[in-house]
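Bear in mind these aren't lab numbers, they're just calculated from the coordinates by the rules spelled out. Keep in mind that what you see is a predicted model, and the values were worked out from it rather than measured. With ideal geometry, Cβ positions are generated from the backbone for all residues, glycine too; neighbour counts draw on all protein chains shown.
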Amino acid sequence: MDSRIWTAPDWSDFQVLDSGFGMKLERWGKVNLARPDPQVLWPPRQDFPWTDWQGWYHRSNQGGGEWEHKGKLPDHWLMKWRDLTFKVRPTDFKHTGLFPEQAANWAWMSDKLKARPGAKVLNLFGYTGAATVACAKAGAQVTHVDAAKGMVEWCKENAALSGLKEAPIRYLVDDCQKFVEREQRRGVLYDAIVLDPPSYGRGKSGETWKLEQHLWPLLQACAQVLVGKPLFVVLNSYTTGLSPLVMAQLLDAMLKGRPGSVSCGELALPVASGGQLPCGTCARFDGSTPA
């Protein structure tokens, strides 16, 4: 196993302008947003508090928070990455529906899919579907699963915006564990799997998800719906304290005996004012390379 830093390529519509004092200032198209980031322990390089922003997210002591608007903050707008188009929208929980650092994985998966045209990809905890759209654009048949109906509908919008309305994408509002177990009983197999599990969550029927309890059983189930020679498995995490090495060893145990190699690292974004912004951890199984 090797560990590295993966930096998102090919962004023109997005940029981290500065970071410091628990905040990050980002350019989302023509809109600048200031959002909290608990990992930003260093001081900013630009004068602080920043003044060039249209939306600033303030956390609440009771949980959640709210956006402060300066001027007109659009309800939503569009952003492009390569030949893909995504809808972004400031949500009540500081997110926008897009994680730009994941472009490092979109690019990597798109490249791997060239070797297996028409590959079947399973995207679990698929959120608004950027990975789904990237894989579909690369020629894959994608099954997109998320427990939140609103996120699945958002994925459909992103697919249509990227010219993939008629692409072979299955959209499912479902509990990921239960769905994988049903696929196993049906004998359905996939060439690749993408997982972006939350630290904590609830399924569509109120099922509780706790990463430390449920991730390994899910990975075990996922191993049973993979072809004998998987193309890739990507495991993402934004859980504080879950190291890349932990994730790599989970994938190594999950795929024991399968031909390929496991790598792990941090996802990062370059900061215009200097340095890099850490944005979560990732482990990848690559079935195209020897162990």
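Numbers below:
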| quantity | calculated |
| --- | --- |
| Kirkwood hydrodynamic radius over Cα pairs of region 1-136, then Stokes diffusion coefficient at 37 °C and 0.692 mPa s, in µm²/s | 197 |
| Region 77-231, relative contact order [Cα under 8 Å, separation at least 6], % | 21 |
| Selection of trypsin sites (Lys or Arg not before Pro), region 42-132, meeting DSSP coil and at most 12 other Cβ within 10 Å | K72, K114 |
| Rounded Å value of the spacing that divides the Cα centres of region 89-153 and region 163-195 | 12 |
| For the chain: Kirkwood Rh in Å [reciprocal of mean 1/r, alpha carbons] | 19.6 |
| Karplus-derived 3J(HN,Hα), 6.51/-1.76/1.60, for each residue of region 146-152, Hz, glycine and proline x | 8, 7, 9, 4, x, 5, 5 |
| Mean separation of Cα contacts under 8 Å (6+ apart) over length of the chain, as relative contact order % | 17 |
| Rg over Rh, two decimals, region 100-241 (C-alpha only, Kirkwood Rh) | 0.93 |
| Computed FRET value (nearest 0.05) for R4 with R170, which takes r as the C-beta separation and R₀ as 41 Å | 0.80 |
| Separation of alpha-carbon centers, region 251-291 and region 6-64, rounded to whole Å | 24 |
| Net charge over other residues, Cβ less than 9 angstrom from the Cβ of A140 (K, R count +1; D, E count -1) | +2 |
| Region 12-74, Cα convex hull volume normalised per residue, Å³ | 96 |
| Within the chain, helix-based [θ] at 222 nm, where runs of 4 or more DSSP H residues each add -39,500 (n - 2.57), nearest 500 | -7000 deg cm²/dmol |
| Bins of 5 Å, starting at 0 and running to the largest distance - Cα pair percent for region 159-291 | 2, 9, 16, 19, 19, 17, 11, 5, 2, 0, 0 |
| Computed lengthening from E212 to S273, 0.36 nm per intervening residue step minus Cα-Cα distance | 18.3 nm |
